[in-house]
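Every number in this text was worked out from the coordinates using simple rules, so none of it is lab data. The shown structure was predicted, so the numbers you read here are calculated from the model rather than taken from an experiment. Cβ sites come from the backbone with ideal geometry, for glycine too, and all protein chains shown count toward neighbours.
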Amino acid sequence: MSKVSVSLDFHGKEYTLETGRFAKFSNGAVMVSCGDTYVLVTVVAADTPKLDIDFLPLQVEYREKTSAAGKIPGGYIKREGRPSEKEILTSRLIDRPIRPMITKGWNYETQIIASVYSADSDNDPDTLAAVGASAALLISSIPFNGPLSEVRVGMIDGEFISNPSYDQLKESVLDIIVAGTDNAILMVEGESKEISEELFVQALEYAHKEIKVLNGLQNQLLAQYSNEKREVLVNEIPDEVYDLIVNEIEDDLNTYVHKITTKSERQEQRRAIFDKAVLKMTEEFAENEEIAPQIEKYTSKVVSELEKRLMRLMILDDKIRLDGRGTSDIRAISGEVGLLPRTHGSALFTRGETQSLTSVTLGTNRDEQMIDGLLPLQSERFMLHYNFPPFSTGEVGRMFGTSRREVGHGNLALRALKGMLPDAADFPYTMRVVSDILESNGSSSMATVCAGSMALFEAGVPMKKPVAGIAMGLIKEGDKVAVLSDILGDEDFLGDMDFKVTGTEDGITACQMDIKIEGLSLEIMKTALNQAKIGRLHILNIMNQIIDTPKDDISQYAPRYTSMTIPQDMIGAVIGTGGETIRGLCKDYGVEINIEDDGTVLIASTSKEASDQVVLVIEGLVSKPKEGEIYHATVKEIREGLGAFVEILPKTQGLLHISQIAYEKVENVADVLTVGDKIDVKLLEITRDGKFRLSRKALLTPPEGYVEPPPYNRDRDSRDSRGGDRGRDSRGGGDRGRDRDRGGDRDRNRR
C-alpha cells in the first residue's frame, strides 16, 4: 500500500488528506490535516455479520491526546482517562451524519476512531475528524453513500468565515457546524447571538458551498485509492410471511394509528397487535424450520414498517397527527416555579407528555468548572446537566453513568441559555442548572431550555431575556411535505427530520438538526424555521405568564456577595504572609474571599452578619491609625507595673499605660484588665518613632472633684528624665561632654 496524498488551499490554509502511511491493518485510515492540526481517523469492520440485530452496530470514538498540544494531563494520573464532554460531543458530531450514510442493512460491527495527534491554536480538530471519517469510509470496503464533509461557520462584521479560529469565534455572532453531501445538508449544530431566521438560512447556504469543496477533495483521494466494497446481505421477509402479517394486523393498526392519542395507550395497543400477529404466525409456520426462528423478528419489522406508512399517510393526507393535533399545533403547556424550598431556584415545565423538573444552584468563583484539554486551562461559570432516568419513559434500565445522549442534550440547552446570562461583573456567581426529565414523549431537551430559563429567573439571576425551545419534524413523500411543530417521540422516530430551535423573542440562540433523507430544499428549511418561530413565541408567552422577570433577591440559602475596594498597595496586607491572613478569615467566619488585581474584594457568605464582620476586619487591615480616633480594642498582653498591650486594628498594637487605664490609681493591671477583654480606647498621640499613646481613662467620666494635671510637655519631660544640668554634670561636666562629642566627630572623620 503506497502513500497517497491530496491537498487544497482552503481559505489560506493547506487542507490535506493522506492514506497508505498509517494504520495499515484497518479497513481505511486517513490522516487529515489543516495548519498544524493533525487527526488520524481509522475505520474497521468485523469479518462476520451480527444476524440477530436490526440496527447499524456503529461505534464512533474521538480522542484528544494532550501531547498534541504539548501538554501533560493534569491530576495525579498523568494519562488520558475517560472521554471529556468535548470528546463525547465531537464523537456525536461524527456519528450523526455518518450513520444514515452507511448502506441500510449493514450489520457488521463497525468502529471509527479519530485521534488528535497535533493541535494548533487556530484549527479545531472536530470538523477535521468528521471529514477524515468520511474519507476513511470512502476508501474502505464498507458500503458508504458518501462523501460528506463538515465545516464550522462563523460571522464577523457581516462576513461568513469557514472554520474560524478560536480567537475569531470570540467575536463571531455565529458558531454552527454543518454536515452534508453534495446534494443535501445532513446535520446542523451550534449557537448564535439572537440571529434572524433569514441569516440562519444564509449561513446554511454558505456552509453547503464549502462542504462541496471538501467533498471534492475526498473524491480526489478516492480516485487514487479505494477498496472493493463488501456486499450487504439483506435478510428479506418472504412474501407469504409479509402478506399474512399485513392481512392479520392492518385493520387493527390503522385504528390504532388514527384513534389512540396517548403514549401509554399506544404502547399497550401496539404490544397487543404484535402479540396477535406472532400468535397467527406461530400457528401457520411452527413447523417451518427456516421461518419459525424468525417469527418475532419478521413480525416486529412488518409492524414497524406498516405503522410508519400509515402514520405518514395520515399526516400528509389528513393533516392529523398521532395525538390528534394539526401540523402546527403546540401541546398543552403548564409550569410552576419555586417548588423546591432549599434549592436556590426551581421550575417544573410540562408540555404534553414531556416534563422537566429543573433546579438552579448559585456558587462562588471557587465552584467554577476547570476545563483541561488541548486549549490552555480555562474555567466555566455556567454549567447545565441533563438527566434522563429510565422511569421517564415508563421503563426499567440500568443507571451506570451519563450517556452520550444526555451530554448532547445538556450541551444544546446550555448553548441556548448561556448567551442570555448576565456578565460576571454584574452577577459574579457560578451557576449550575440541573434538568431531570420526569416524563418524556418528545422534545425533552427543549423542555429543559424552557424550565432552565424559568428556574434561573426564579433564582434571581438577571437574565437578559427568557429563552424557549421547540422541536420541529418533517414528513416528506415525493412532492407531499408536512412540517410538524413540537414533535412527539414517535414522530421523531418515524419522521424525516428532527430540528430543534431555541431563542428569544428577538432571534435564534441555538439549534440542532438531524435529517434522515436527501433532497431537503432550503425552501422547506425556511418553512420549518418560520413555523418554529411562531411556536417559540407562543411558548414564551405562556412562560411569561408564569414568570417574566428575575426575582428581586436570591435565595436565603445562596451565598451572598459583598463587594468592597481596598488600595492596591494593601492587597498583600489582606492576603498575609503565605495567605495566612485571608485563610484565617475564611476559616473563622465561614466565608469565601476573592481579591482582584484592581483591589476589588468579593466576600461570599450565607450569613450577612459574617460578611459584615469580615468587612470590618478588612477595613481595619487596610486602615491607618489616626490621632483622636476611638477604637474597640482587644487586650493582648498584661505587663504589670507598665500597663497592657492592646490591638486597636488587625495586626496593629499599642501600649495602654497603667496611668491611662482609669482615673483611680491602678496597683495591679490584672485587677482591671484580662487578656481577651474588649475595651474602647482613644488614640491620644502617634509619637515620632511611630508608637501609639492610648487612653481608656479619656473615655470614662471623671470622679467628682477630679483636677486635670498639667498638659503633657515633651521637651520638659525629656529634660526632667535626663536630670537637667545636674545630669550633664554627673556625667563629667558640660565641657568634658562636649569634648567627648568632638572626639566622636574626630573618630568618625578618621573612619
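For the chain, a simple Cβ point-charge model (Lys and Arg +1, Asp and Glu -1, everything else neutral) yields a dipole of about 3940 debye relative to the Cα centre. Return the whole-Å distance between the Cα centroid of region 53-76 and the Cα centroid of region 534-612. About 37 Å separates the Cα centre of region 53-76 from the one of region 534-612. Taking all C-alpha pairs of region 177-261, those more than 19 Å from each other amount to 69 percent.
For region 189-252, GluC sites (Glu not before Pro) are listed when DSSP marks them as loop and at most 13 other Cβ atoms sit within 10 Å of their Cβ; the list is Glu228, Glu231, Glu236. The alpha carbons of region 231-307 occupy a box of 38, 33, 18 Å along the principal axes, longest dimension given first.
Calculated from the structure at hand, Cα extents along the principal axes in Å is found among (i) 76, 62, 47; (ii) 121, 71, 46; (iii) 137, 63, 52 as (iii).
Among the DSSP beta bridges whose two residues both lie in the chain, what percent are antiparallel, rounded to the nearest 5?
Counting only bridges with both partners in the chain, antiparallel ones make up about 90 percent.
To the nearest 10 degrees, how steep is helix 85-98 against the longest Cα principal axis of the chain, on a 0 to 90 scale? That works out to roughly 20 degrees. DSSP bridge analysis restricted to region 4-224 gives an antiparallel fraction near 85%, rounded to the nearest 5.
Against the longest alpha carbon principal axis of the chain, how many degrees, from 0 to 90 and to the nearest 10, is the axis of helix 580-589 turned? So the inclination is approximately 70 degrees. Using the Cβ-Cβ distance between Asp318 and Thr255 with R0 set to 22 Å, the FRET efficiency works out to roughly 0.95. For a paramagnetic label modelled on Ile534 (point 7 Å from Cα along Cα→Cβ), amide N atoms under 20 Å away belong, within region 320-346, to 320-333. Cross-link partners of Lys3 among aspartates and glutamates, defined as those whose alpha carbon lies under 12 angstrom from its own and excluding same-chain residues fewer than eight positions apart: Glu18. Relative to the longest principal axis of the Cα atoms of the chain, helix 197-224 runs at roughly 70 degrees. Think of the chain as having a plus end and a minus end, set by charges on the Cβ of Lys, Arg, Asp and Glu; of Ile77, Val278, Ile648, Ile648 sits farthest toward the positive end of this dipole.
With viscosity 0.890 mPa s and temperature 25 °C, the Kirkwood radius over alpha carbon pairs of region 383-523 converts through Stokes-Einstein to a diffusion coefficient of 150 µm²/s.
Each peptide in 603-611, 459-467 receives the mean, over its residues, of other Cβ atoms within 10 Å, and ordering these scores from highest gives 459-467, 603-611. Taking a Cβ cut-off of under 14 Å around Ile142, the surrounding Lys, Arg, Asp and Glu residues balance to a net charge of 0, with basic ones at +1 and acidic ones at -1. Here is the size of region 560-622 from its Cα atoms: Rg then Dmax, 10.4, 29 Å.
By the count of neighbouring beta-carbon atoms within 10 Å, fewest first, Asp175, Asp569 end up ordered Asp569, Asp175.
Tell me which chymotrypsin sites (Phe, Trp or Tyr not before Pro) from region 458-558 have a DSSP coil assignment and no more than 14 other beta carbons within 10 Å of their own. Those that pass, being in a loop and sparsely packed, are Tyr557. Its Cα gyration tensor gives region 129-275 an equivalent ellipsoid. The semi-axes, each the square root of 5 times an eigenvalue, are 42, 27, 11 Å from largest down. Restriction of the GluC sites (Glu not before Pro) in region 60-125 to DSSP coil positions whose beta-carbon has at most 14 other beta-carbons within 10 angstrom yields Glu80. One equal scatterer on each Cα of region 21-141, no solvent, Debye formula: the resulting log10 I(q)/I(0) at q = 0.12, 0.16, 0.20 Å⁻¹ is -0.46, -0.77, -1.10.
For the chain, relative contact order (Cα pairs under 8 Å, six or more residues apart, normalised by length) works out to 9 percent. Across all Cα atoms of region 630-709, the radius of gyration (one decimal) and Dmax (whole number) stand at 12.2, 39 Å. Here is the size of region 470-554 from its Cα atoms: Rg then Dmax, 15.2, 56 Å. Please give me the summed charge of the neighbours of Ala455: other residues whose Cβ is under 12 Å from its Cβ, Lys and Arg +1, Asp and Glu -1. With Lys, Arg at +1 and Asp, Glu at -1, the neighbours total -1.
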